[in-house]
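**Student:** Just passing along the structure, written as structure tokens.
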């Protein structure tokens, strides 16, 4: 029994050594945050007020100084400073941000940095052990652990572009932007929100597959592009998504979709809510074609739709 406990303890210390050097402290000089919690901050714009320092976390994602963090950590910043695990400090430049997924990419002028390894969040199962590391309340590189409480959690911030990993690993203000890692030290998510002002056993992380894709887009083009087809949608009891309106001249209109149509599937994938359809559309390449299964007047029909470019959200 002693040997087993010892091996568990070694796992914890090994994880701290592996992931710790790639976690950074992010300090931004910004307008005061007066909202009551981080989930509230994700609902919309940040309020005005006096300039103040905000402390969050970040993750080194490339050896040449690219750092992933939460958008709300650096939003409205007048200046950003990054402190590394070896206590070196660097001014940071905002490469780009995506308010919809609450992600931002920073750049510091440094080379040879210890970068983290992304994991595959699609492989995560409820009950798996995970560790969070960050700077809660400014307490540098705090390590906590717990389990994955839920996957694909939607409706947390009323944002159709997002779904979260839920965890009971202790997350507090200041953890935002830090990694959630698995037993192998791979990043499975970026911690982003909590319920209330402090830890209640309910925390949320952006899945690594989403975070990696968004950060790569920001690195390559400075912003994120999302697909859409120009529909206003409503919930429909019993499955499918009801078309409430079709924008004139939109991809949906050109494909022949009409108000009152019931969209049952996208490329054979059943649809259970408008949020599911929106999320699937935003992940598709601009200009690609998909088949929507439509039920109209009791009859089913397949319509081919070309994905259009959604107007960019302001970050």
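**Student:** Residues to consider are 292, 277, 281; find the one that is modelled with pLDDT of 90 or more and not assigned by TED's automatic domain parsing to the domain that holds residue 63.
**Tutor:** 292 is the lone residue from the list that is modelled with pLDDT of 90 or more and not assigned by TED's automatic domain parsing to the domain that holds residue 63.
**Student:** Here is a follow-up. At least 2 residues that are without any contact (Cβ under 8 Å) to a residue 60 or more places away in the chain and under 15 Å from residue 218 (Cα atoms) in each: list the strands (runs of 3 or more DSSP E) lying fully within region 55-160 that qualify.
**Tutor:** Because the criterion is at least 2 residues that are without any contact (Cβ under 8 Å) to a residue 60 or more places away in the chain and under 15 Å from residue 218 (Cα atoms), the strands (runs of 3 or more DSSP E) in region 55-160 that meet it are 93-98.
**Student:** Assess whether residue 137 counts as being modelled with pLDDT under 95 and surrounded by fewer than 16 Cβ atoms within 10 Å (Cβ to Cβ).
**Tutor:** Criteria met by residue 137.
**Student:** Still on this structure, please answer the following. Any chance you could count how many residues in region 277-312 are under 19 Å from residue 223 (Cα atoms) and assigned to a loop (DSSP other than H, G, I, E, B)?
**Tutor:** 9
**Student:** Please enumerate the residues belonging to region 279-303 that are touching a residue at least 60 places away in the same chain (Cβ under 8 Å) and over 17 Å from residue 162 (Cα atoms).
**Tutor:** Across region 279-303, the qualifying residues are 286, 288.
**Student:** Name the residue, out of 265, 245, 253, that is at pLDDT 90 or above, surrounded by fewer than 21 Cβ atoms within 10 Å (Cβ to Cβ), part of a helix (DSSP H, G or I) and touching a strand residue (DSSP E or B) at 6+ places or on another chain (Cβ under 8 Å).
**Tutor:** Unique residue meeting the criteria: 253.
**Student:** Can you tell me which residue is surrounded by the most Cβ atoms within 10 Å (Cβ to Cβ) among those in region 175-219 that are at pLDDT below 90 and not in a loop (DSSP other than H, G, I, E, B)?
**Tutor:** The selected residue is 192.
The values are calculated or read from the model by the stated rules, or taken from the named source; none is laboratory data. This is a predicted model, so every value here is computed, not measured. Here the Cβ is made from the backbone with ideal geometry for all residues, glycine too, and neighbour counts use every protein chain on show.
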